[in-house]
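Single-structure report; data block below.
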Amino acid sequence: MVFLPQCHSTNDELVQMTRKSNEPEGTLVYTDDQQMGKGQRGNAWITEPGKNILMSVLLRPNFLSPSNQFYLNLISGLAIVDTLKSHVTSEVLLKWPNDVFINGNKISGVLIENNLRGNRLESAVVGIGINVNQQGFRINTATSLVMETNIEFDRNELIETLLCRLEKWYLQLKNGSTTYILDEYHKLLMWRGEVKIFKSKNEEFEGEIVGIDQHGKLAINQDGNLRTFGIKEVEFMR
Ligand code: BTN
């Protein structure tokens, strides 16, 4: 377990540590202040110092084939929901692939960096950001635990709970309970069964979110045709 008062990105720190030495599964890097936090799709993850959870955990999922690596996204999202739901009265939902939303606003995001060796996952750095005690964000679709509850939280206690939940879901995955994981993920999938506007390759279209397929792709029903999209292939418009 490594606490850094400040760093560029806990994901970058843990990736580097893992390259240099044989860090064990479960190694945690967390910080108070990230200067170059990374989000999905090349976005930055910017939050106020000392207020939020910014952490990365090392997994060594060598039992998982690369085509099943998306399960790491699912279990991370499920672990975050488990951690947050006991502290808020509103529903905590997952927006595909694993953004965590409360009342239509984003409270947490996950960035996983996988390292493949041959046909196996040698290591995965699971980077998690959770907005905890920050009041107000530059983006008005972001929220935090304090904004939802008016209560300030002990970040270390939340990290401990999150690690327990992550271990629980990781063991489910290791035991092969993929159907159960998919079912639980689908129960929490935001906008499932709803019609939304999407954009893919400059084409805007309307479709109903059906769920995710066996490759973790988002399945959308467009006028009776089932289309599936990877993370970089589709955007939610409204
Ligand atoms: C997203 O929703 O775009 C993913 C955000 C992931 C942010 C976390 S904060 C800790 C870890 N280190 C990073 O640089 N990013 C992740």
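The values are calculated or read from the model by the stated rules, or taken from the named source; none is laboratory data. Quick caveat: nothing in here was measured; it's all calculated off a predicted structure. Cβ placement follows ideal geometry from the backbone for every residue including glycine, while neighbour counts extend to all protein chains displayed. SASA here: full protein model, heavy atoms, side chains in, ligands and nucleic acids out. Shrake-Rupley method; radii C 1.70, N 1.55, O 1.52, S 1.80 Å.
Annotations for the structure displayed:
- The sole residue among 116, 72, 78 that is open to solvent by less than 10 Å² (accessible area, probe 1.4 Å), farther than 20 Å from residue 154 by Cα and in contact with a Pro (Cβ under 9 Å, 6 or more places away or on another chain) is 72.
- Here residue 93 fulfils each of the conditions (1) within 15 Å of the ligand (Cβ to nearest atom); (2) open to solvent by less than 20 Å² (accessible area, probe 1.4 Å) apart from (2).
- Long-range neighbours under 6 Å by Cβ, at least six apart or interchain, first residue open to solvent by less than 30 Å² (accessible area, probe 1.4 Å) within region 1-28, second assigned to a helix (DSSP H, G or I): 7/13
- Number of the condition not met by residue 36 [criteria: (1) open to solvent by less than 10 Å² (accessible area, probe 1.4 Å); (2) in contact with a Ser or Thr (Cβ under 6 Å, 6 or more places away or on another chain)]: (1)
- Scanning region 6-13 turns up one or more residues that are in the same structural domain as residue 183 (by TED's automatic domain parsing) and more than 10 Å from the ligand (Cβ to nearest atom).
- The numbered conditions (1) free of Cβ contacts under 8 Å to residues at least 12 places away in the same chain; (2) touching a His at 6+ places or on another chain (Cβ under 7 Å) are all true for residue 117 except (2).
- Test: residue in region 29-39 that is in a loop (DSSP other than H, G, I, E, B), more than 15 Å from the ligand (Cβ to nearest atom) and within 29 Å of residue 178 (Cα to Cα): no
- One residue from 22, 62 being assigned by TED's automatic domain parsing to the domain that holds residue 112, touching a strand residue (DSSP E or B) at 6+ places or on another chain (Cβ under 8 Å) and either within 16 Å of residue 125 (Cα to Cα) or within 14 Å of the ligand (Cβ to nearest atom) (or both): 62
- When the criteria are applied in full, residue 84 fails the requirement of being crowded, with 16+ Cβ neighbours inside 10 Å, touching a residue at least 60 places away in the same chain (Cβ under 8 Å) and under 18 Å from residue 215 (Cβ atoms).
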